[in-house]
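Student: Take this structure first; my questions come after.
Just so it is clear, none of the values below were taken in a lab; they were calculated from the coordinates. Small disclaimer: the values here were computed from a predicted structure and weren't measured. No Cβ is skipped: glycine too gets one built from the backbone with ideal geometry, and neighbour counts run over all protein chains shown.
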Amino acid sequence: MRVFILLFLLISSNFIISQNCDNTITGKVLDLHDNTILVDARIVVLEINKQLLTNESGEFTISGLCNQTYTIEISHAFCLPKTYKIELISSIEKVFLLEHHLEELNEIILEGKTNNDSETSLENKITKEELEKSSSKSLGDILNSISGISSLNTGNTIVKPVINGLHSSRVVILNDGVRLEDQDWGAEHAPNLDINAIDNITVIKGASALQYSGNAIGGIVITETAKAPVKDSIYGKTIVTAASNGRGGTTTTQLTKTYKSGWYGNIQGTIKRFGDFNAPDYNLSNTGVYERSLSVRGGINRFRSGLEASYSLYKMETGILRASHLGGAQDQIRAINNLEPLFVDDFTYNINSPKQDVEHHILKLKGFKKFEKLGKLDFKYSFQQNNRLEFDVRRGDDRDKPSLDLKLNTHTLLLDLDSKLSETANLKLGLTGQYQTNFADPSTGVRRLIPDYSEYNTGLYAILEKQINNQFIFELGARLDYTYLDALKFYRTSFWEDRGYDSTFQDIVVEEFGNQILVNPKLNFYNPSATAGIAYNFKEDFKLLFNYSLASRAPNPSELFSEGLHHSASRIELGGLEFKSETAHKFSFTLQHDSDRIRFTINPYINLISDFIVIEPIEVQQTIRGNFQVWEYRQTNARLMGVDIDGEIKLNDYFKYNHQFSIIKGKDITRKDALINMPAASTRNAIAYTNKKLNNLNLRLQSEYVFRQNEFPDNNFEVFVPETETLEIVDVSTPPDAYHLLSFNSSIDYKLSKKSILTIGFGVSNIFNTNYRNYLNRLRYYADDLGRDYSINLKIKQ
Amino acid sequence: MKNFKLITLALITLLFTNACSNDDDVTPAPVNEEEIITTITVTLTPAGGGTTITLKTQDLDGDGPNLPVTTVSGDLAASTTYNGSIELLNETEDPAEDITVEVEEESDEHQFFYTISTGLNVTTAYSNFDNNSNPLGTAFTITSGAASSGVITFTLRHEPIKPNTGLDNAGGETDLEASFNIAIQ
């Protein structure tokens, strides 16, 4: 009986204790690094042996819990499991943060599943794999593979990206978070960065990503390096590429060491060397390139904060086709009328004048800290130095002196705050400050092409992102930039007076020196920009994006101050001190479909630009060196409209078909004429075979057809040739014919050991050795483009 | 995180002090084009004595908007051989630099061409040559025929293909091109 009583007491006491068992834990599981929702995370409550998975919002609910301490184990496919002890006295809501397992973290970043830079405009990505395959290409060549992106070339080593018909100062390049300041105003100045030092590229065609810049009228190219994992590890890769055309190659290597404590270090270096490239029928004399780059970075990556310091050096020496170096218009006629370049020599690795020798240093410090309520605060400081030397064919003592020697120093400071206002709203705020100086070395013995100047820049932005429901995301942003430019410019007195500047700008004159006059323009520019957009998801796998962006850009030093012979273009270029900012309104629509079998995007757009700065010929000027065409910058109203189409169809488990098509129409509305240098319509079609089971074998055959540009302004001019005693037309306008190129690429993987993989790639471009010239190659007047090229690519990864 | 704040603060200070201290601009020095040819003077001296003829083109602002100024001192005598010499100057420098010296020192890389328009009764011949015995042409002879008039053009090519048969296949880059209206009395 006593036993029974005891038993009853025991049971009832137990009953009394457990009677409050209606507690609930409502939890949400997020990635510690970027607060991404973790779907299907496994929750195990050890005490009651209960298991469940988080739902699509990363949430879970466990009810019927008593007032006691529970042990909850949370795990996720890509994460290190974590155990929590929770003492319950009532129902609670809690956010659980998990740390991604790090190799996978990187993969996820590379697949582009992290935060988008703009939710309502189309983003094009280039993955690490694609970058590795094109190790010896330039940034411009790689971006060329995206629909709607072409390139403005000077030969084949100076490649400038053109986004939806716009380039130079209208395309912003963000190199690992910092805007590249490398004298991007010149048509023959390629971006100074090594693609082997970056892990992925995102391109936004338009100015909608206001957090980076408000003046990207053409678009933004964002390069990123992979995050270092938080674990004890050492890994690296080496890629060796060799190519027949140019008889050269590239070697790049990098090594990363990481620690569980969050510390990491990385070193990367590249050497690229090519001799003269060749067209199908002849050698392209003096087109070699020698490029070296080195970068080191180190820092600490914690869950809620991080700090990184890095330094990079990029050095490129590149020859410019000897036959393109000309005197005046009479030389131009001879060069254009000759089917083959007038100067063809034997193959050599030597790079002689004319050539460019550019050095770019970046020193950077960046850090972030996550605050519980405020959000993520990012901080970046960078110092960049760009030293550009251009060598012309010169005479006497000046032979080895550069004709242009510019040193551009830029300090940039960025502060960004990314905060979650609510479950569905996100606000980004930021502040930028920049100080830039340009120094043109007078010891060149050639008048300064770009004057000495200092420029101060500040910017302020806010972007709000709001998810209205599962179908709609709304985005709104505004930015204001202020630029103050203080320059010291020497004008030729004859030009100063010819332009009437002696009366309009008489108060900025500092001093007169013989036939030159020193002036001190101090210019202010206020540049507002804004964006508004909607993303609409429907029928599960369709998405419709609409984005409007307002961008405005202050004129660059070249547009403001040019005044004299631009040797590499054989023309006299004149800028305008009176220029104001150009303003663009871009409307962009995107229809996106992404299912297992078919993926496509259709992206029509229209860009209306007022006060668009264009350079156009106005007259022919007689000088003692012969006649030169005079090109003058002027402001007009322009309209660019076009459509970019991308498609992919999975034919079966192994075969895939890709299609791309782009067309753009550029018009000068004021003059009712076509805009110069608009990329011709083009289409690419490729068939690819991939077999993961067969050593990840990849085969890809691609056809590229570039149409003839039929819409172009007629800038031809006549010049008297004494030898023939006739007036002859200098045809600088007619675009070259359409062309078709075929290329093949393949790769296969071999496992060398448990941890290391060797990838062997083989490719041929321009398979039929087709003669062609591209409208957007500035040397198209003088020589054909590249002939056939065989390349091999070896990659070892550990 | 303390370090982080300190570094931030330090950098901001650095940036702004740097920005402010640069206000006192030092006036840069003007650049006089070292290679530009502003003036070509062709002196024609009759071999057997007589009036020397001078042809001159001067363009002091180089690529600037002002046109070159051309002068011809007089007409050539008929059936006369003249010894010609060419002088090139850069008059943007003070004193003027004699570019002819440079051209003659680098004779392998330069060549003058003389283009005679139809109807002008003159013939030309090179009087000086480079180290490979190819023509240089800063010295030449010009022989006039019967009375006539026309244009003579002097062209200086830098790094031409040598030897050549004329401007057509000489390539290189035109450093100078000057035309003169000439009459033979």
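Student: Find how much the distance from B:S79 to B:T52 grows on full extension, using 0.36 nm per residue of separation minus their present alpha carbon separation; answer in nm with one decimal.
Tutor: Using 0.36 nm per residue and subtracting the Cα-Cα distance, I get 8.2 nm.
Student: With the cut-off at 1.5 for a/c, could you classify chain A from its C-alpha gyration tensor as rounded, prolate or oblate? Don't skip to the answer; put the middle values down first.
Tutor: Details: a/c = 2.23, a/b = 1.82, b/c = 1.22.
It comes out prolate by the Cα gyration axes.
Student: Another question, then. For a test of the definition: using alpha carbon positions, the gyration tensor, and the 1.5 limit on a/c, classify segment A:138-267 as rounded, prolate or oblate.
Tutor: oblate
Student: Once you order the gyration tensor axes a ≥ b ≥ c over the Cα atoms, which shape class does segment A:462-502 get: rounded for a/c under 1.5, otherwise prolate or oblate by comparing a/b with b/c?
Tutor: The shape class here is prolate.
Student: Continuing with the same structure: Averaged over its residues, how many other protein chain Cβ atoms are within 10 Å of peptide A:563-570's Cβ atoms?
Tutor: Mean partner shielding for this stretch: 2.
Student: Applying a 10 Å radius around every beta-carbon, put B:102-108, A:434-440 in order of their mean neighbour count, most first. Numbers along the way, then the final one.
Tutor: Numbers: B:102-108: 17.1, A:434-440: 19.9.
Descending mean neighbour count gives A:434-440, B:102-108.
Student: Here is a further query. Grab the beta carbon distance between A:F472 and A:L46, set R0 = 35 Å, and tell me the FRET efficiency rounded to 0.05. Spell out each step's value before the answer.
Tutor: Working: r = 41 Å, r/R0 = 1.18.
For R0 = 35 Å, the calculated efficiency reads 0.25.
Student: For segment B:53-185, what's the radius of gyration and Dmax over Cα atoms, in angstrom?
Tutor: Cα radius of gyration and Dmax of segment B:53-185 are 15.1, 43 Å respectively.
Student: Taking the number of other C-beta atoms within 10 Å as the exposure measure, put B:H110, A:H593 in order starting with the fewest.
Tutor: A:H593, B:H110
Student: Looking at A:T444, A:H411, A:L377, which one has the Cα that reaches farthest to the positive end of the dipole of segment A:358-454 (charges on Cβ: Lys, Arg +1; Asp, Glu -1)?
Tutor: Value: A:L377.
Student: Divide by every residue of the protein assembly as shown the summed helix terms, -39500 (n - 2.57) for each DSSP H run of at least 4, and state the resulting mean residue ellipticity at 222 nm, rounded to the nearest 500 deg cm²/dmol.
Tutor: Value at 222 nm, helices only, nearest 500: -2500 deg cm²/dmol.
Student: Tell me the label-point distance for the pair A:N715, B:A146, using the 7 Å Cα-to-Cβ offset, in nm and rounded to one decimal.
Tutor: Result: 4.9 nm between the two label points.
Student: What order do you get for B:S179, A:S662 when you list them from fewest to most C-beta neighbours inside 10 Å?
Tutor: B:S179, A:S662
Student: For segment A:696-715 and segment A:471-487, write down the distance between their C-alpha centroids in whole Å.
Tutor: So the two Cα centres are separated by 35 Å.
Student: So for segment B:55-185, averaging the separation of alpha carbon pairs under 8 Å that are six or more residues apart and normalising by length, what relative contact order in percent results? Intermediate results must be reported in sequence, preceding the final value.
Tutor: Numbers: 275 pairs, mean separation 34.5, N = 131.
Relative contact order for segment B:55-185 comes out at 26 percent.
Student: Would any residue of segment A:419-455 have its amide N under 20 Å from a label point 7 Å out along Cα→Cβ of B:T27? List them or say none.
Tutor: A:439-443, A:447-448, A:451-454
Student: Could you tell me which GluC sites (Glu not before Pro) in segment A:397-499 are loop residues by DSSP with no more than 12 other beta carbons within 10 angstrom of their beta carbon?
Tutor: Hits after loop and neighbour filter: A:E423.
Student: Taking Cα pairs under 8 Å and at least six residues apart, what relative contact order does segment A:454-512 come out at, in percent?
Tutor: Relative contact order of segment A:454-512: 32 percent.
Student: Next up: State the Cα centre-to-centre distance between segment A:422-464 and segment A:637-685 in whole Å.
Tutor: 31
Student: Here's another thing I want to ask about it. Note the full-extension length gain between B:Q185 and B:E104 as 0.36 nm times their separation in residues minus their Cα-Cα distance, in nm to one decimal.
Tutor: Stretched fully, the B:Q185-B:E104 segment lengthens by 25.9 nm.
Student: Exposure proxy check: A:E725, A:E56, A:E123 ranked by fewest other beta carbons within 10 Å?
Tutor: A:E56, A:E725, A:E123
Student: Just report the Cα centroid separation between segment A:571-627 and segment B:63-140, whole Å.
Tutor: So the separation of the two Cα centres works out to 45 Å.
Student: Right, next: Roughly what would the spin-label model give for A:L701 and B:A125, points 7 Å off Cα along C-beta, in nm?
Tutor: Taking the two extended label points, one gets 6.8 nm.
Student: Would you mind getting me the FRET efficiency between A:K85 and A:E129? Use the beta-carbon distance for r and R0 = 41 Å, nearest 0.05.
Tutor: 0.45
Student: What is the extension gain from A:L651 to A:Y484, computed as 0.36 nm multiplied by their sequence separation minus the C-alpha to C-alpha distance, in nm to one decimal?
Tutor: Gain on extension, A:L651 to A:Y484, equals 54.5 nm.
Student: To the nearest 0.05, how large is the calculated FRET efficiency for A:D398 and A:K751 if R₀ is 51 Å and r is the Cβ-Cβ distance?
Tutor: The pair A:D398/A:K751 has a calculated efficiency of 0.30.
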